[in-house]
Structures are given as structure tokens and as C-alpha cells.
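Working notes, structure below.
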Amino acid sequence: MSRPGYPAAAAVFAIGMAGTTLPTPLYGLYREELGFSELMVTVVFAVYALGVIATLLLAGNVSDETGRRPVLLAALGFSAASALCFLFEGGLPALFAGRLLSGFAAGLLSGAATVTVMELAPPGRAAGAGLAATAANMGGLGCGPLLAGLLAEYAPWPLRLPFVVHLALIAAAAVLTWLLPETVTSSGRRLRLRPQGLAVPPQVRGVFAPSALAAFAGFSLLGLFTAVAPAFVADTLDVHNLALAGLVVFSVFLASTAGQALMGRVGERRALPGGCFVLVAGLVLVAASLLLASLPLLVAGALCGGLGQGLAFRGAVTAISAAAPPEHRAATVSAFFVIAYLGISLPVVGVGALTLGIGLRNAGLTFAGCVLALALGVGLHLVRRPPARRPPARRRPARRRPARRRPARRPPARG
């Protein structure tokens, strides 16, 4: 019996990540049911990022010791527990618990599932597997709001049915995971979770700082659309179709996937600054959509901003991976992801706090202006000082053995 390959692992990855954004179009319904503010919506959303960061710091490399399959199954278990919290929610504590468990699932999946997809690729298919992992990650994040929005708008039980469907998908993903071949031999040692800390070698800091700031700006845009875009659509644009709100969120992740896929054509050195400038254009369109109350402009901003985020993100990961020495590469990339996930949470909570004083539209405009300034500054810095390519390792010259001295010939003895 042949075991499933990397497309099956990518499907497991997508199903797990879809659960992390499934509640996005439903936050407005929870607000009506439980009576909390937009600030509380953003705080509930940000708890997810705390779960991701904690998992990356404590268990980012746990699959290297225990194997890929147990970690994937644990991630699906956290995802199922999160869905149950939302399915039987009894107030804000259940929502907080569900988002935290969802963060644990995403933190485990982002490392273990990506590596599993790459390791299961047959020879000569590494590029296809890399694209599959990228599409599964961002595509799964985008499919969550789309699925929930469609079910909430056109099917019964809007706050229950999306999570029932996702639980069924998780069950199918668990079966697929069980059938996947294991690519790591367990060490057999007792697993100990220890904080890994944030380590950035001195020789990488010149590349790390602008790359991390670009990722912070791009993930801020993703956080805005994932947490607050449905409220923009309903309150500012006066569009109350949940399926349409889910489609708007889906579009930003779809564009991010396309941006990451385009890096091969754009080139590594141009991807990071170019992505920043495309992100700036997307933020301008988002701000214009809020000023003019235009849904088409908001969708255009999602597509343009997502494209720039994906291009800059993959360029940043490539630049950091190339600059970091092999013995510090994993720790450096983990530090990069921690800063990226801070970007998906802290600015969004700031938007929620601003809504209490200046309203949702003005809070969105303030957010767009701040992130636009950050992305523009990073892009201009990278144009003037592009990331230096890591010089190839110098080969040590082979040592020359000293030439043997031939013994001097003695003159023949005279008789």
C-alpha cells in the first residue's frame, strides 16, 4: 500500500490553518450576542498571536526530536479543542480559550507541517513542494473566513455549523496524518520544553532589522483584515453580507500566496523593497476605501496589499536564511517569526482601542498612515542599502608538502 505524499501533507496543513481564521466573519455576531466592544474583538483576536509566539519559543523544534506525525496530530488536537470552545461557547472566557488553543495549533503547524511537505517531496519536486507549503499556509488562512462566511450567511446555525464542518475536516486530516510516512527517527529521549529565546547573530543584524520591520508591517495588514475588516464592511461600508466579508478577507491571503509565488520572477534582491512599495500602494487604497466608503477600493487594497506582503515576506525569509550562519539559522528565523506575529496582534489591538475614542473609520485611517510610513521607510532604506549577499565560503588552499631533498650523489671511490 503506497502512502500519501506531500499533497496530502499540504491538505492537512491547509485544514489546520483554516481553523485559525474561521471565527473572523462571526465576530460581529458574537458582539451582538455577548455585547462587547470592538476593542474586545481585537483582544480576543490577539490572544491567538500570543499562543503562536509561546509555541514558537517553547516547542518550535520539537518535531525534530519526536517526529513529524506526533506533532501534526497534536496540532490537529489543539485545533479540534479550539473548535469545541467556539461550538459550545458560553461567553468571553470560551472565546479566549478557543483563540489561545488555535494559536497553539498554528505555532506547531507553521514549523512541522512546512518541513513535512518539503521532506515528502520526491527528487526534483522541491520547488513544487515549497509552493504547495506556501499555498497551504496562506490559502488555508484565507479559506477559513470564506467557509465560515458562506455557511453563516446561507446555512442555518451561523455560530455552530462552521465549527461542526471544521471538526469533520479535522477528522479527515487526522486520518491523512496517520497515513503519512514519518520522516524523522525519534531520539527516544524525554521531551523537555525550554524557552529558546531570541537569538540574532551580530553579522545578521544589518539584514534582520529591515526584514523584520517589513514583516511586521505586512503582518499588521493581515491582522487588520482578519480581525477588523468585517466590522469595516458592516459599519463603515454598510454591507451586511457575511459571505462577502469572508470573501474580502480571503482575497488578501490569496494575493499573499500569489506574491510569494512571484518572488522567483522578481528576484531575491528586488522582492523585499519592491514588496514594501506594493504594500504601501495597498495601504493607500485601504485608506481611500474608508474615506470614500467604497467596497471595490477595499477589495483592491486587499489584493494589492496582500501581494506586497507576500512578496516582501518571502524576500525577507530568503534574505535572513541566506545571511544567517547554519548553526544559528533556525534560531534567527524563529526570532523573525516572533516579530512578524507581534505585527499581527499589537497594531490591531491599537486599532480597537482607538475606536473607543475616534471611531472605527478614523482608527482605520490612523492605522493605515502609521503602517504606510513604516513600510515606506523600510522600502527606501532597502533601496539605498540593499541586503548584502553572503559571500561564498572560501576554500582553504591545499597545503603543499615540502619537496623531499634528494641526497647528494657521492663521487665514485677511486681504486
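Put M118, M40, M138 in order of accessible area, highest first, and with a 1.4 Å probe you get M118, M40, M138. Taking amide H positions as modeled 1.01 Å from N, with prolines and chain starts lacking one, the residues under 5 Å from V239 and 5 or more places away or on another chain are A234. Reported to the nearest whole Å, the Cα centre-to-centre distance from the range 98-148 to the range 65-90 is 15.
Relative contact order for the chain: 22 percent, from Cα pairs under 8 Å spaced at least 6 residues apart, divided by residue count. Set the Cα radius of gyration of the chain against 2.2 N^0.38 Å, with N its number of residues, and you get 1.15.
Suppose only helical runs count, i.e. DSSP H with n ≥ 4. What mean residue ellipticity at 222 nm does that imply for the chain under -39500 (n - 2.57) per run, divided by all residues and rounded to the nearest 500 deg cm²/dmol? Numbers along the way, then the final one.
Working: 14 runs with 302 residues, N = 415.
Counting only the DSSP helices, I get -25500 deg cm²/dmol.
Dipole magnitude for the range 23-88: about 180 debye, using +1 per Lys or Arg Cβ and -1 per Asp or Glu Cβ, origin at the Cα centre. Note on the chain: with a GNM built from Cα contacts shorter than 10 Å, the maximum mean-square fluctuation among G310, G350, G259 falls on G350. In the chain, a dipole from Cβ-located charges (positive for Lys and Arg, negative for Asp and Glu) runs towards its positive end, and of C143, A212, L244 it is A212 whose Cα lies farthest in that direction.
Highest mobility in the GNM of the chain, judged by mean-square fluctuation with C-alpha springs under 10 Å and restricted to R361, R160, R265, is found for R265.
Projecting the Cα atoms of V200, A231, A49 onto the dipole axis of the chain, where Lys and Arg carry +1 and Asp and Glu carry -1 at the beta carbon, places V200 farthest toward the positive end. When the surface is traced with a 1.4 Å probe over the full set of protein chains, Y48 keeps roughly 10 Å² accessible.
Near the amide H of T183, within less than 5 Å, lie the amide hydrogens of R68, R69, all on another chain or at least 5 residues away, with H placed in the peptide plane.
Under the rule a/c < 1.5 gives rounded, and otherwise a/b versus b/c splits prolate from oblate, where does the range 233-292 land using the Cα gyration tensor? Please report the intermediate quantities before stating the final value.
Details: a/c = 5.94, a/b = 1.89, b/c = 3.14.
Oblate is the answer for the range 233-292, as a/c is 1.5 or above yet b/c matches or exceeds a/b.
Here the dipole of the chain is about 4580 debye; that uses its Cα centre as origin and unit charges on the Cβ of Lys and Arg (positive) and Asp and Glu (negative).
Within the chain, the whole DSSP H helices whose Cα atoms reach 24 Å or more along their own axis and whose mean Kyte-Doolittle score is at least 0.5 are 38-59, 68-87, 92-119, 126-154, 161-179, 205-227, 242-266, 268-292, 295-323, 346-384. Ordering L95, V12, Y30 by the projection of their Cα atoms onto the charge dipole of the range 1-121, which places +1 on the Cβ of Lys and Arg and -1 on the Cβ of Asp and Glu, puts V12 at the extreme positive end. Annotation: amide H of L159 has no partner in the under-5 Å range at sequence separation 5 or more or interchain, hydrogens built in the peptide plane.
If you take the Cα centroid of the range 231-272 and the Cα centroid of the range 285-346, the two points sit 11 Å apart.
Placing +1 on the Cβ of every Lys and Arg and -1 on the Cβ of every Asp and Glu, with nothing else charged, gives the range 1-154 a dipole about its Cα centre of roughly 440 debye.
The values are calculated or read from the model by the stated rules, or taken from the named source; none is laboratory data. Model, not experiment: these values are computed from the prediction. Note: ideal-geometry Cβ built from the backbone for every residue, glycine included; neighbour counts use all protein chains shown. Keep in mind that these areas ignore ligands, DNA and RNA; they rest on the heavy atoms of the full protein, side chains included. Shrake-Rupley method; radii C 1.70, N 1.55, O 1.52, S 1.80 Å.
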